[in-house]
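The values are calculated or read from the model by the stated rules, or taken from the named source; none is laboratory data. Computed from a prediction, not measured in an experiment: that's the story for all the values here. Cβ placement follows ideal geometry from the backbone for every residue including glycine, while neighbour counts extend to all protein chains displayed.
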Amino acid sequence: MKKVTVYSLSTCPVCKKVKRLLDDNSIPYTLIEVDLLEAGEQWVTTREVAKRNPAGTYPTTVVEEVIIGYDVDALRAKVLGRDGS
């Protein structure tokens, strides 16, 4: 199974769509709700997101170290294995 991490904001509607897509396809993932972290941890995590996704947008979805963000087609391809990897 591919390692999937979703950096999300708890109030973000687009983030909810990504989580729903993964849940609907029974894809396990690590969820990090950045806005619900303690201040220090939030700062560190925000910096990590910015390293992976310079735009700093949410959701930032990482599949096997590949940044997907919110590109539903790329996410489906990468997570569901339709991209040949």
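Of all residues in segment 28-56, which are in contact with a helix residue (DSSP H, G or I) (Cβ under 6 Å, 6 or more places away or on another chain) and either on the phi > 0 side of the Ramachandran plot or among the acidic types (Asp, Glu) (or both)?
Result: Gly56, single match.
Would you pick out the residues in segment 57-85 that are assigned to a loop (DSSP other than H, G, I, E, B), touching a helix residue (DSSP H, G or I) at 6+ places or on another chain (Cβ under 8 Å), surrounded by 13 or more Cβ atoms within 10 Å (Cβ to Cβ) and at pLDDT 85 or above?
Across segment 57-85, the qualifying residues are Tyr58, Pro59.
Report, by residue number, each residue of segment 27-56 that is assigned to a helix (DSSP H, G or I) and of a type in the set (Ser, Thr, Tyr).
Thr45, Thr46
Just give me the residues in segment 2-40 being within 17 Å of Ala74 (Cα to Cα) and either under 10 Å from the mean Cα position of the chain (by Cα) or of a type in the set (A, V, I, L, M) (or both), in sequence order.
Val4, Thr5, Val6, Tyr7, Val14, Cys15, Val18, Lys19, Leu21, Leu22, Ile27, Tyr29
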